[in-house]
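This report refers to the structure that appears directly beneath it.
The values are calculated or read from the model by the stated rules, or taken from the named source; none is laboratory data. Treat the numbers as computed from the prediction; the structure is a model and nothing was measured. Quick reminder, even Gly has a Cβ in these numbers, built from the backbone with ideal geometry, and neighbours come from all protein chains shown. What goes into the accessible areas is simple: the full protein's heavy atoms, side chains included, and nothing from ligands, DNA or RNA. Shrake-Rupley method; radii C 1.70, N 1.55, O 1.52, S 1.80 Å.
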Amino acid sequence: MSHHKIDIKDLDYMYPDGKKAVNGFSINITHGESVALVGANGAGKSTLLSLMVGILMPQKGEIIIGDTHLSKETLPLLRQKIGMTFQNADDQLFMNSVYEDVAFGPRNYKLNEEEVDARVIGALKKVDALHLKDRPPYKLSGGEKRAVSIATALSLDPDILLMDEPTAALDPKSRRRLIGILKEFAHTKIIATHDLDMALDVCDRTIVMNQGTVVADGRTKDIMVNDELLEKCSLERPLILQGQNN
Amino acid sequence: MSNITGALYKIRYLDEFSRKKTLMHRLSPTIKLIVTLIYILLVVSFGKYQLGGVIAMSAYPLIMLSLAEMPAKELIKRVVVAMPFVMGVGIFNPVFDRDIMTYFLGIGISGGWISFLTLIVKGVLTVSSAIILVGTTGIENIAHSMRILKMPKIFVVLILLTYRYISVLMEEAASIWTAYKLRAPGQKGIRHDVWGPLLGQLLLRTYDRGIRVYDAMILRGFDGDFRMGTAFVTGIGSYLFLLIALAGFLIIRLSVITMILDLLI
Ligand SMILES: Nc1ncnc2c1ncn2[C@@H]1O[C@H](COP(=O)(O)OP(=O)(O)O)[C@@H](O)[C@H]1O
Ligand SMILES: [Mg+2]
């Protein structure tokens, strides 16, 4: 059974206060694709990611991961296959050491301690953070926290990686390093961001979201030079493409 | 400013301290939990005028403190936070119970004052022993031990999340405080008319963060059971500790009882 493809059909989500954050959203993502989900603040990116892991449940529409419909019953199964990092890495790190934090997921799935150790070391190596393993997470720098929060997702060996604004609040050097790391991953990934330079670097495909729905879906290279579209969604061309004609 | 950031690091002091490797830290978490629970029950079981007895019980936290190499200052700071609650419970004892029970330096001391003091000492001792337990064992290990002792899952999760929530709450409070200070330089404390909005913001922010932290746990397969890497081994040292501690408690508890019996006869 392949878990790598994602099918979202006509999804609606309204917050309890009546705010409709996702509105008739449909996409289709296949195995190994790297997709940027871009849109201004409030476009509904975070809400969509929360729906995809069942933190929120949609009022309408469906989400199919691999061959499995997302529902209360299938959630535990699906969550093993989807790794997610939050916009604020602090919310994701709650144990006393980096090692314990990365081991938290594998231990919950009752892997034996040898396997847990292999997973933790492997995940930390992938994000270049093995040297941090005994540090308390709350004393790390922003870039280090981000790397570790990604490792906490990787240690579950997910097929799909969802990331919410991974480059937000990173200094240029940490951001560069993170981009390097992200490019290495072979996972199917969806990166919610308004860092269009990063999107251009890491993702072949871009989905533009505005007011809870898809307004454009295509190759990143094409979308990033469509000034009219970007303007309409309160976005700007990546710096690297500014001053260039189509 | 420096003391604000300093405070931020202090919030997690106990968590960090629990990773030390002293004799006390290495004892089995389950045994330490059992000993602490028995200790708390015994302290509470003293009669309301048995001031001498509860004072004798302070031997245990004092010995633990030195074995765990925990600075007394850090313990006292945390105990002080809990004291207003204890005082609130006993504050009316001296008012209602005015019979003179004993004389100290020629001054008559009423039963109310003695029971008030006894209550405070009981509070200090139970809170201290709990803090020492957390500081030598770590909250996750304690939670795991509670499950080994078959305490209900929901109860254990509640304790665990409450403990986590306290650090989240204090961190948010520190960041709101910093933001306030930056825009109100040279001002002592917080102006009373902005207390309301600040407090409201604090609650909303911590609630949101609490939910997100919980979501993050759920996403990684958390089902209410905290699993620690190493299985707890209960070595000969732990059993020895259990024996010595229980023997010590009993001696203090029983000798006080005998003393009282002596007085009555
Ligand atoms: N908990 C909430 N309650 C009510 N409205 C919310 C909540 N969270 C987000 N929203 C609203 O939903 C919309 C989409 O938010 P969000 O998904 O966070 O967007 P993005 O991640 O693209 O910035 C915004 O208008 C936001 O104000
Ligand atoms: Mg967002």
### Cβ pairs under 6 Å, 6+ apart, first in segment A:43-64 and within 16 Å of A:LEU78 (Cβ to Cβ), second within 16 Å of ligand 2 (Cβ to nearest atom) and charged (D, E, K, R)
A:LEU49/A:ASP164; A:ILE55/B:ASP215
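Residues are listed down the side, and each one gets a yes or a no for (1) in contact with a helix residue (DSSP H, G or I) (Cβ under 7 Å, 6 or more places away or on another chain); (2) outside the structural domain of A:THR152 (by TED's automatic domain parsing); (3) modelled with pLDDT of 95 or more:
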position	(1), (2), (3)
A:LEU37	yes, yes, yes
A:GLY42	no, yes, no
A:THR47	no, yes, yes
A:LYS72	no, yes, no
A:ASN108	no, no, no
### Message
Please go through segment A:223-242 and give me each residue that is open to solvent by less than 80 Å² (accessible area, probe 1.4 Å) and assigned to a helix (DSSP H, G or I), ordered by number.
### Response
A:ILE223, A:ASP227, A:LEU229, A:LEU230, A:LEU241
### Which listed residue, of A:SER46, A:SER50, A:SER34, is away from ligand 2 (no atom under 16 Å from the Cβ) and farther than 16 Å from B:GLY221 by Cβ
A:SER34
### Query
So which residues in segment A:112-136 are crowded, with 16+ Cβ neighbours inside 10 Å and either of a type in the set (Ser, Thr, Tyr) or at the interface with chain B (Cβ under 10 Å from one of its Cβ atoms) (or both)?
A:VAL116, A:VAL120, A:PRO136
### Task
Quickly run through segment A:22-35 and pick out the residues that are under 16 Å from A:VAL215 (Cβ atoms) and touching a helix residue (DSSP H, G or I) at 6+ places or on another chain (Cβ under 7 Å).
A:VAL22, A:PHE25
### Query
Do we have any residue at all in segment A:3-15 that's part of a loop (DSSP other than H, G, I, E, B), more than 16 Å from ligand 1 (Cβ to nearest atom), within 30 Å of A:LEU230 (Cα to Cα) and open to solvent by 10 Å² or more (accessible area, probe 1.4 Å)?
yes
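Yes/no matrix, rows are residues, columns are (1) away from chain B (no Cβ under 12 Å); (2) open to solvent by less than 40 Å² (accessible area, probe 1.4 Å); (3) of a type in the set (Gly, Ala, Ser); (4) within 25 Å of A:THR213 (Cβ to Cβ):
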residue	(1), (2), (3), (4)
A:SER50	no, yes, yes, yes
A:VAL53	no, yes, no, yes
A:LEU56	no, yes, no, yes
A:ILE63	yes, yes, no, yes
A:LYS72	yes, no, no, no
A:LYS81	no, no, no, no
A:PHE86	no, yes, no, yes
### Query
When you go through (1) among the hydrophobic types (A, V, I, L, M, F, W, C); (2) closer than 18 Å to B:MET217 by Cα; (3) in contact with a strand residue (DSSP E or B) (Cβ under 7 Å, 6 or more places away or on another chain) one by one for B:ILE159, which number turns out not to apply?
(3)
### Output for segment B:40-56, where each listed residue is surrounded by 19 or more Cβ atoms within 10 Å (Cβ to Cβ) and at pLDDT below 90
B:PHE46, B:GLN50, B:LEU51, B:GLY53, B:VAL54
### Task
Out of B:ILE244, B:ILE166, B:ILE159, report the one residue that is under 23 Å from A:GLN87 (Cα atoms), of a type outside the set (Gly, Ala, Ser) and more than 16 Å from ligand 1 (Cβ to nearest atom).
B:ILE166
## Note on the structure
Within segment A:214-246, the count of residues that are out of contact with any Asp or Glu (no Cβ under 8 Å at 6 or more places or on another chain) and either among the basic types (Lys, Arg) or within 26 Å of A:ILE8 (Cα to Cα) (or both) comes to 15
### Message
With the structure loaded, tell me whether B:TYR207 is hydroxyl-bearing (Ser, Thr, Tyr), surrounded by 12 or more Cβ atoms within 10 Å (Cβ to Cβ) and within 12 Å of chain A (Cβ to nearest Cβ) or whether it fails that test.
### Response
no
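So that you can scan it fast, the table gives a plain yes or no per residue for (1) within 14 Å of chain A (Cβ to nearest Cβ); (2) more than 16 Å from the chain's Cα centre (by Cα); (3) open to solvent by less than 80 Å² (accessible area, probe 1.4 Å):
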| site | (1), (2), (3) |
| --- | --- |
| B:SER128 | no, no, yes |
| B:VAL134 | yes, no, yes |
| B:ILE142 | yes, no, yes |
| B:ILE154 | no, yes, no |
| B:VAL168 | yes, yes, yes |
| B:THR178 | no, yes, yes |
| B:ARG183 | no, yes, no |
| B:LYS188 | no, yes, no |
| B:HIS192 | no, yes, no |
#### Entry: Selected residue [within 30 Å of B:VAL168 (Cβ to Cβ), part of a loop (DSSP other than H, G, I, E, B), aliphatic (A, V, I, L, M) and without any contact (Cβ under 8 Å) to a residue 60 or more places away in the chain] from A:LEU156, A:LEU170
A:LEU170
### Message
I'd like the full set of residues that are within 16 Å of ligand 2 (Cβ to nearest atom), without any contact (Cβ under 8 Å) to a residue 12 or more places away in the chain and not in a loop (DSSP other than H, G, I, E, B), limited to segment A:79-130.
### Response
A:ASP91
